[in-house]
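Trainee: Before anything else, here's the structure in question.
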Amino acid sequence: MKFRQLKIFKVTVNKSERMKVEQIAELLDGKVVCGQDLLDRNVNSVFASDLMSDVLTLKSDDLLLMTGLGNVQTIRTAEMSDISTIIFVRNKKVNPDMLELAAENDMILIECPYSMFKASGILYQAGLEPIY
Amino acid sequence: MHFEYLIEGGNFSKAGTASSLFKKVLKQLNVDPILIKRTVVALYEAEVNIVAHAYNGVIKIDLDTERIYINLTDEGPGIPDIELAMQKGYSTASPEVREMGFGAGMGLPNIQSNADNLRIRSEVGKGTTVEIEFFLKN
């Protein structure tokens, strides 16, 4: 039987433990394109969605948004929902309008080359919590 | 206090500008963060609806120590069946709206779940008025 080779992560965090955004960016091989000076911010839970309508129904804030939707309404939705960190998966790029709005709102934006499934798996394994 | 914002139908790059400005006002006034979130999420959903469906609209907000009253009136196609429009999953949104991450038929139900009061009146071929109310004290 052939086993899939699993990458061993250096960072192991207990469940429910908060994690610095800097570590998250590292785990996801991510490029921080906004908020480079804010990376010591902590995150405890993640919501992954391409549908902003779903993000707007969340009652909790203090979460990290993972999405493959790269447009200015992603940033607006985060602004309204008090979300301050966004990871753009599937190699989606942040455009200048998004960058400007995110900077105004002290957000951290990270571009990540991984699929949503892979990025979610890595963060879940590292101990970050789902919203539900 | 009274606030007014003009909304351009179809201009998706500006959708949310009014909600953003009003959020800053609420923050400056030190309104409870949970109420700020409920208010701006409902306002943003309603603002996106004007951009997505109407030709133009105006948002009028009255704010005092008791309540936040928001009136969104648009000139647009109107809603033929409001009960149907309130159902989760029902949507008439264009592909352009869906590309923005909306149009899943969740906006009006989400406004209702956040607001203390919601009233929608509409005339087909003329436009729609949405009134949303929040109370500052329980």
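The values are calculated or read from the model by the stated rules, or taken from the named source; none is laboratory data. Just so you know, these numbers come straight off a predicted model, no measurement behind them. Heads up, the Cβs are rebuilt from the backbone with ideal geometry, glycines too, and the neighbour counts pull from every protein chain shown. Side chains are part of the model used for accessible areas, which takes the heavy atoms of the whole protein and leaves out ligands, DNA and RNA. Shrake-Rupley method; radii C 1.70, N 1.55, O 1.52, S 1.80 Å.
Trainee: Please go through segment B:19-53 and pick out each residue that is small (Gly, Ala, Ser), without any contact (Cβ under 8 Å) to a residue 60 or more places away in the chain and within 15 Å of B:Tyr69 (Cα to Cα).
Mentor: B:Ser19
Trainee: Counting only residues that are outside any helix (DSSP H, G or I), free of Cβ contacts under 8 Å to residues at least 40 places away in the same chain and of a type outside the set (Ser, Thr, Tyr), which one in segment B:83-107 is surrounded by the fewest Cβ atoms within 10 Å (Cβ to Cβ)?
Mentor: That would be B:Gly89.
Trainee: Kindly indicate which of A:Asp54, A:Asp29, A:Asp40, A:Asp50 is open to solvent by 30 Å² or more (accessible area, probe 1.4 Å) and in contact with an Asp or Glu (Cβ under 8 Å, 6 or more places away or on another chain).
Mentor: After ruling out the rest, the residue left standing is A:Asp40.
Okay, residues lined up against (1) over 15 Å from the mean Cα position of the chain (by Cα); (2) aliphatic (A, V, I, L, M); (3) within 11 Å of another protein chain (Cβ to nearest Cβ):
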residue: B:Gly16; (1), (2), (3): no, no, yes
residue: B:Ser19; (1), (2), (3): no, no, yes
residue: B:Asn30; (1), (2), (3): yes, no, no
residue: B:Leu43; (1), (2), (3): no, yes, yes
residue: B:Ala46; (1), (2), (3): no, yes, no
residue: B:His53; (1), (2), (3): no, no, no
residue: B:Lys60; (1), (2), (3): no, no, no
residue: B:Thr65; (1), (2), (3): yes, no, no
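Trainee: Please count how many residues of segment B:1-14 are among the charged types (D, E, K, R) and within 11 Å of chain A (Cβ to nearest Cβ).
Mentor: 1
Trainee: Another question about this same structure. As an exercise: evaluate A:Ala78 against (1) within 14 Å of chain B (Cβ to nearest Cβ); (2) in a loop (DSSP other than H, G, I, E, B); (3) surrounded by 18 or more Cβ atoms within 10 Å (Cβ to Cβ) and give the number of the one condition it does not meet.
Mentor: Only one criterion in (1) within 14 Å of chain B (Cβ to nearest Cβ); (2) in a loop (DSSP other than H, G, I, E, B); (3) surrounded by 18 or more Cβ atoms within 10 Å (Cβ to Cβ) is unmet by A:Ala78, namely (2).
Trainee: Continuing with this model, one more query. With open to solvent by 10 Å² or more (accessible area, probe 1.4 Å) and either within 14 Å of A:Val46 (Cβ to Cβ) or in contact with a His (Cβ under 8 Å, 6 or more places away or on another chain) (or both) as the only criterion, which of A:Gly121, A:Gly127 stands out?
Mentor: A:Gly121
Trainee: A follow-up question, please. Among the residues of segment A:91-106, is there at least one that is among the hydrophobic types (A, V, I, L, M, F, W, C), open to solvent by 40 Å² or more (accessible area, probe 1.4 Å), at negative phi and within 12 Å of chain B (Cβ to nearest Cβ)?
Mentor: No: zero hits.
Trainee: Is it true that A:Asp37 is in contact with a helix residue (DSSP H, G or I) (Cβ under 9 Å, 6 or more places away or on another chain) and either on the phi < 0 side of the Ramachandran plot or part of a strand (DSSP E or B) (or both)?
Mentor: Against the criterion (in contact with a helix residue (DSSP H, G or I) (Cβ under 9 Å, 6 or more places away or on another chain) and either on the phi < 0 side of the Ramachandran plot or part of a strand (DSSP E or B) (or both)), A:Asp37 does not qualify.
Trainee: Being facing chain B (nearest Cβ under 7 Å) and not in a helix (DSSP H, G or I) is the filter here, so list the residues in segment A:51-60 that pass it.
Mentor: Result: A:Leu51, A:Leu56, A:Thr57.
Trainee: For segment B:109-131, give me each residue that is touching a Phe, Trp or Tyr at 6+ places or on another chain (Cβ under 9 Å) and either open to solvent by less than 20 Å² (accessible area, probe 1.4 Å) or farther than 28 Å from B:Ile34 by Cα (or both).
Mentor: Correct list: B:Asn114, B:Ala115, B:Gly127.
Trainee: I'd like to know if segment A:115-129 contains one or more residues that are in a helix (DSSP H, G or I), modelled with pLDDT of 95 or more, of a type in the set (Val, Ile, Thr) and touching a Lys or Arg at 6+ places or on another chain (Cβ under 9 Å).
Mentor: yes
Trainee: Could you please let me know if A:Gly70 is open to solvent by less than 10 Å² (accessible area, probe 1.4 Å), assigned to a loop (DSSP other than H, G, I, E, B) and in contact (Cβ under 8 Å) with a residue 12 or more places away in the chain?
Mentor: no
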